[in-house]
Amino acid sequence: MNVYDIEQYLNSRFPVDNALDYDNVGLIAGDRDKVVSAIVISLDLTDKAIEEARNSGANLIITHHPVIFGGIKTLTMDDATGRTLVSLIKSGISVIACHTNLDLTDEFGNLAIADKLGAVEPEAVEGVTCGVVFELEEETSLKDYCSLVVEKLGSSGVITINNPENIVKKIFVQGGAFDEDSVDGVIKCGADTVISGEIKHHICVGLEQMGINTVIAGHSATEQAYLPKMKQLLSEKYPGITITVNYNNEVSSIL
């Protein structure tokens, strides 16, 4: 099984054509013809992810965030991106990114977050490109639900501008950064709470005026939920390949 085979399989599940215009997905660097020895899955391409790939004998890293977003004019040791790419290439490791093309596949994005947060029958939201809504079996306070978010997502903490005694019952989840274009869909679906990794302050204020709570749980914390789903997908497709999942740039599980 070579890098090209895995790239094509990922493209069949998360089509590159679905990625947003600003994005950069697919094979970012490496050799499509190289046989894959093992895989590391990481939210970002970091020095620690590359180090783990070397230590585990992996020659393919699959990330959520692409290491290159726009064009680059030089590839040198003078900046962090250059050093990371030079290290990657010297080590003979390829990297594939599945970013907004994965975000727009709810099963592997927002539904993964919703599942961790106790969702009951989560649904896509009409008029929203990315995000799902679900109701809790029993209403709870915002304070108590924030504690659950920290626990279930492994977040270092959350931010909310709302009264901690506010009621939480119907929740809209959008991993990563909240898209302001989603506001109308959130209001129409009747959500009383929005959870995302990043939410701009003026959006929080505007939603508060509409009686909607906002919970900022951290970009990485929300999207770490995607990684075990990716591991399961690849493990079922390629049972003979060892797959390491790197959470918060630290190794936590090996199959």
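The values are calculated or read from the model by the stated rules, or taken from the named source; none is laboratory data. Not measured: the values here are computed from a predicted model. Neighbour counts run over all protein chains shown; Cβ positions are idealised from the backbone, glycine included.
Looking at this structure, is residue 229 within 28 Å of residue 61 (Cα to Cα), in contact with a Phe, Trp or Tyr (Cβ under 7 Å, 6 or more places away or on another chain), in the same structural domain as residue 8 (by TED's automatic domain parsing) and at pLDDT 95 or above?
no
What are the residue pairs meeting all of these: first residue in the range 151-166, first residue farther than 13 Å from residue 140 by Cβ, second residue surrounded by fewer than 12 Cβ atoms within 10 Å (Cβ to Cβ), Cβ atoms under 8 Å, and 6 or more apart or on different chains?
Listed by first residue and then by second, the contacts come to 161/201; 161/205.
Closer than 25 Å to residue 129 by Cβ and more than 17 Å from the chain's Cα centre (by Cα): is that true of residue 37 in this structure?
For residue 37, the condition - closer than 25 Å to residue 129 by Cβ and more than 17 Å from the chain's Cα centre (by Cα) - is not met.
So which residues in the range 40-69 are over 24 Å from residue 218 (Cα atoms) and not charged (D, E, K, R)?
Selection gives 53, 55, 56, 57, 58, 59, 60.
Here is a yes/no grid of residues against (1) in contact with a Ser or Thr (Cβ under 8 Å, 6 or more places away or on another chain); (2) surrounded by fewer than 19 Cβ atoms within 10 Å (Cβ to Cβ):
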site	(1), (2)
3	yes, no
41	yes, no
63	yes, no
81	no, yes
87	no, yes
91	no, yes
109	no, no
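Does the range 208-230 hold any residues that are among the hydroxyl-bearing types (Ser, Thr, Tyr) and surrounded by fewer than 22 Cβ atoms within 10 Å (Cβ to Cβ), and which are they?
Passing the criteria: only 220.
So the check is Cβ under 7 Å with 6+ separation or different chains; which pairs have a first residue in the range 43-66 that's under 14 Å from residue 99 (Cα atoms) and a second one that's among the charged types (D, E, K, R) and buried (at least 18 other Cβ atoms within 10 Å of the Cβ)?
That search, which allows pairs on different chains as well, returns 43/223; 63/44; 64/223; 65/44.
Please state which one of 147, 156, 235 is touching a Leu at 6+ places or on another chain (Cβ under 6 Å) and either assigned by TED's automatic domain parsing to the domain that holds residue 8 or among the polar types (S, T, N, Q) (or both).
One residue alone meets the criteria, 235.
Determine, yes or no, whether residue 170 is without any contact (Cβ under 8 Å) to a residue 60 or more places away in the chain, part of a helix (DSSP H, G or I) and over 13 Å from the mean Cα position of the chain (by Cα).
Taking the combined requirement at face value, the residue does not satisfy it.
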